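Step one of this worksheet: look at the structure below.
The values are calculated or read from the model by the stated rules, or taken from the named source; none is laboratory data. Computed from a predicted model, the values in this text were never measured in an experiment. Ideal geometry is used to build each Cβ from the backbone, glycine not excepted, and the neighbour counts take in all protein chains shown. The accessibility values were calculated without ligands, DNA or RNA, using every heavy atom of the protein model including side chains. Shrake-Rupley method; radii C 1.70, N 1.55, O 1.52, S 1.80 Å.
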Amino acid sequence: MSFSFRRLAFAALIAALAAPVAAPQPSRAADVDILNVSYDPTRELYVAINKAFAEKYKAETGKTVAFKQSHGGSGKQARSVIDGLDADVVTLALAYDIDAIADKGLIAADWQKRLPQNASPYTSTIVFLVRKGNPKGIKDWGDLVKPGVQVITPNPKTSGGARWNYLAAWAWALKQPGGSPETAKAFVGNLYKNVPVLDTGARGSTVTFTERGVGDVLLAWENEAFLSKKEFGDDKFDIVVPSISILAEPPVAVVDKVVDRKGTRAVAEEYLKFLYTKEGQDIAAQNFYRPRDPEVAKKYENVFPKVDLVTIDDPAFGGWRNAQKTHFSDGGVFDSIYTN
Amino acid sequence: MSMSVPAEVAAMPAGIETPALPEDIRSEPRAVRWVVIGLATLFLGLFIMLPLVNVFTQAFSKGWAAYGAALVDADALAAIELTLIVAAISVGANTVMGLVMAWTLTKFEFRGKSLLITLVDLPFSVSPVIAGLVFVLLFGAQGTFGPWLIDHGWKIVFAWPGIALATIFVTFPFVARELIPLMQEQGTQEEEAAVTLGASGLRTFLRVTLPNVKWALLYGVLLCNARSMGEFGAVSVVSGHVRGETNTMPLHIEILYNEYQFQASFAVASLLALLAVVTLLAKTALEARIGRRHGH
């Protein structure tokens, strides 16, 4: 067996020298590359949307468009775009995260007026996913603070879904007889005492609950709850719809600074408009997002349960900037209840 | 000095038994010995072998075809390619820098030397997440050098150079740490002799120093390579998680797992585990050689 160290060292050297040459991204066949930076549970939705849009775009213009996706907790994703992740479009969980990007000058301040319906082409809400047969008898928000109930929800600091969860719980407590900001704070504080683990994003929490079997109830995006039932079978989980929940409007925006640098504005804008078309709305509904289009909504009305929905513009919250500052910023209400 | 290894050494099986110890060290009662050996085996079996076996069981839970499909998926191939490229870059860089570091620190005397030795270990004591964040703070769009670099068309973070930088940072100590103690032990006598006989600095390095440390160097390279391929934390921070572009194998595994594609995720994981096993076997073989050479 001849084993020459010199030959090996030579091979290693060649590999090291060749690597930087080989490393630049292989040239792609597509005419346009679009990077969609999104939040956690939209993976399946945008795989379907991207495919449909690419086909339509090819048929109309003869050009091919290749999509790339990045997913994670909404707040974390916004942070990455601020730090230089080259997103052509952002499709995040809530308006505040896009506001945060706009504050750094990457997106025009009036972004939410550029597309219909607060730039949110679909909506969702927060429901409970419980183990089959609902062994802990969880019916409404009040049941979540009972002793011995383990609640799974992600960290509101990094996850958009978690912030909607928190605000939905707050809204319910406020609407109870004798409800006030003080009772709401006490209720939400008790709720988080029952949370054994805070994941950074909604999908992480879903995996914790479904795959790892931790907890009795998952506070989940409606679409995420439906998807879990679809993935794991109807015999594993039940969906419980609380008496009050929140109207979650996940917004979308073109990242002006990036598309202008890359020259992709036209395609990026087309792409977001596609979400509002009948075809786009239909795909959203098939992925369990509530469609905005009245006709498509009618078609799927049996899928989505009717819930009393509070919006973020309710006087109790006063819009996302206000809610973010009061509840989730450093030293906000969430910090005071979670650290105590 | 001959560079080739005697055939009988090369042919030696890995993990060969160490020379018999003096009887007094092994004088515990037979029962105690068996209990200790049993406990160690049980622990290894439960905490190391069982999870490893489980990875492969899960990976093949849907048969060979599904296993293959998971590995030739376009995103998986891109992740494997990126992982190999990043490992090659960081191993190359750290081999060169590790040698330079070890050479400087062990063959020369200068002020601040002990501080430098401490700094070599810094990447081991810093959390990988911080290692990643450091590069975002330096090269991110809001960072120190980021705006200038982006204006000039250079993408560092959320692209392969950032991933390579973070990996180099995290794996820097492996080669240097292997070389420094050995080179310290060897001292400078052989080099001094070579220089006295008229060899140039480079020639001394290539013909005296390098051959003396070659097995330790290779051992460091192997460890560095294993960690480069497996690094998750630091890479996760600088990656941006763009599928098919900035995901390394560990990140791709996490994504698949989070997308309910458990079998596919374990298939890619098994490939990574296989690389670890190969590294381990190579390491065992090397240890036998180093032990033989230095008599410990």
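Is the shape of the stretch B:34-126 rounded, prolate or oblate, going by the alpha carbon gyration tensor and its root eigenvalues a ≥ b ≥ c, with a/c under 1.5 for rounded and a/b larger than b/c for prolate? Note, shape of the stretch B:34-126 comes out oblate. Under the classification rounded if a/c is under 1.5, otherwise prolate if a/b is larger than b/c and oblate if not, where does chain A fall, given a ≥ b ≥ c as square roots of the Cα gyration tensor eigenvalues? Since a/c reaches 1.5 and a/b is larger than b/c, the shape of chain A is classed as prolate. As a fraction of the 1.4 Å probe accessible area of the stretch B:75-187, surface on carbon and sulfur atoms comes out at 71 percent.
Legend: helices of chain B (whole DSSP H runs) are marked when their alpha-carbon atoms reach 24 angstrom or more along the helix axis and their mean Kyte-Doolittle hydropathy is at least -0.5; marked are B:74-107, B:210-230, B:262-294.
When each of the peptides A:189-200, A:300-311 is scored by how many other beta carbons lie within 10 Å of its residues on average, the order from highest to lowest is A:189-200, A:300-311. Once you reduce the stretch A:41-60 and the stretch B:218-296 to the center of their Cα atoms, the two points are 34 Å from each other. Per residue of A:72-85, other chain Cβ atoms within 10 Å of the residue Cβ number 5 on average.
Residue ranges B:74-87, A:262-275, B:121-134 sort as B:74-87, A:262-275, B:121-134 when ordered by packing (mean number of other C-beta atoms within 10 Å per residue, highest first). Summarising the label geometry, the points placed 7 Å from Cα in the beta-carbon direction at A:Ser180 and B:Leu280 lie 6.3 nm from one another.
For the stretch A:259-340, the relative contact order comes to 11 percent (Cα pairs under 8 Å, sequence separation of at least 6). Against the main long axis of the alpha-carbon atoms of chain A, helix A:160-174 sits at an angle near 10°. Cross-link reach is defined here as a Cα-Cα straight distance under 29 Å, omitting same-chain residues fewer than 8 places apart; for B:Lys113 the lysines meeting it are B:Lys214.
Rounded to the nearest 10 degrees, the inclination of helix A:43-61 to the longest alpha-carbon principal axis of chain A is 50 degrees. Count charges around A:Val188 for me, please; just the other residues with Cβ under 14 Å from its Cβ, Lys/Arg as +1, Asp/Glu as -1. Here the charged neighbours net out to +2. The Rg/Rh ratio for the protein assembly as shown is 1.04, where Rg is the radius of gyration of the alpha carbons and Rh is the Kirkwood radius. With a Förster radius of 41 Å, plug the Cβ-Cβ distance of B:Ser200 and B:Leu137 into 1/(1 + (r/R0)^6) and report the FRET value to the nearest 0.05. After rounding, the FRET efficiency stands at 0.45.
Helix A:265-274 axis versus longest C-alpha principal axis of chain A: approximately 40°, rounded to the nearest ten.
Of interest is the spacing of the C-alpha centroids, which for the stretch A:292-316 and the stretch A:119-175 amounts to 17 Å.
Using the Cβ-Cβ distance between A:Lys298 and A:Thr339 with R0 set to 35 Å, the FRET efficiency from 1/(1 + (r/R0)^6) comes to roughly 0.15. Take the Cα of A:Asn190, go 7 Å toward its beta carbon, and the backbone nitrogen atoms of the stretch A:162-176 under 20 Å from that spot belong to A:165-176. In this simple spin-label model, placing a label point 7 Å from the Cα along the Cα-to-Cβ direction at both A:Thr311 and A:Glu269 gives a separation of 2.6 nm. If the segment from A:Thr61 to A:Gln117 were pulled out straight at 0.36 nm per residue, it would be longer than the present Cα-Cα gap by 17.4 nm. Take the stretch A:106-197 with all the other protein chains still there, run a 1.4 Å probe, and you get 38 Å² of accessible area per residue. Protection proxy ranking, highest mean first, for peptides B:108-115, B:258-265: B:258-265, B:108-115, where packing is the per-residue count of other beta-carbon atoms within 10 Å, averaged. Using equal-weight Cα scatterers in the Debye expression, the normalised intensity of chain B in log10 at q = 0.14 Å⁻¹ is -1.19. Per residue, the stretch B:188-227 exposes an accessible area of 51 Å² to a 1.4 Å probe, with every protein chain left in place. The contact between chain B and chain A removes approximately 3200 Å² from the accessible area (both sides summed; 1.4 Å probe; ligands, DNA and RNA excluded).
Remark on the stretch B:253-286: accessible area falls by at least 20 square angstrom from chain-alone to full-complex state for B:Tyr257, B:Asn258, B:Glu259, B:Tyr260, B:Phe262, probe 1.4 angstrom. When the C-alpha to C-alpha distance is required to be over 31 Å, the pairs from B:Lys155/B:Lys283; A:Lys273/A:Lys298; A:Lys146/A:Lys236; A:Lys51/A:Lys132; A:Lys157/A:Lys278 that qualify are B:Lys155/B:Lys283; A:Lys51/A:Lys132; A:Lys157/A:Lys278. Here the accessible area is traced with a 1.4 Å probe on the protein chains. For chain A, carbon and sulfur cover 55 percent of it. Modelled spin-label separation between B:Gln261 and A:Asp31, with each label point placed 7 Å from Cα along the Cα-to-Cβ direction: 2.9 nm.
Among B:Thr104, B:Thr279, B:Thr41, the residue with the largest mean-square fluctuation in a Gaussian network model of chain B, with springs joining Cα atoms closer than 10 Å, is B:Thr41.
Maximal additional length on extending the A:Thr277-A:Lys132 stretch stands at 48.5 nm, based on 0.36 nm per residue less the C-alpha distance. Per residue of peptide B:53-65, the mean number of Cβ atoms on other chains within 10 Å of the residue Cβ is 0. Note: relative contact order over chain A, using C-alpha pairs below 8 Å and six or more positions apart, is 22 percent.
Pairs of Cα atoms nearer than 8 Å and 6+ residues apart set the relative contact order; for the stretch B:47-172 it is 29 percent. In summary, the aspartates and glutamates within cross-link reach of A:Lys63, defined as a Cα separation below 18 angstrom excluding same-chain residues under 8 places away, comprise A:Asp31, A:Asp33, A:Glu55, A:Asp88, A:Glu269, A:Glu270.
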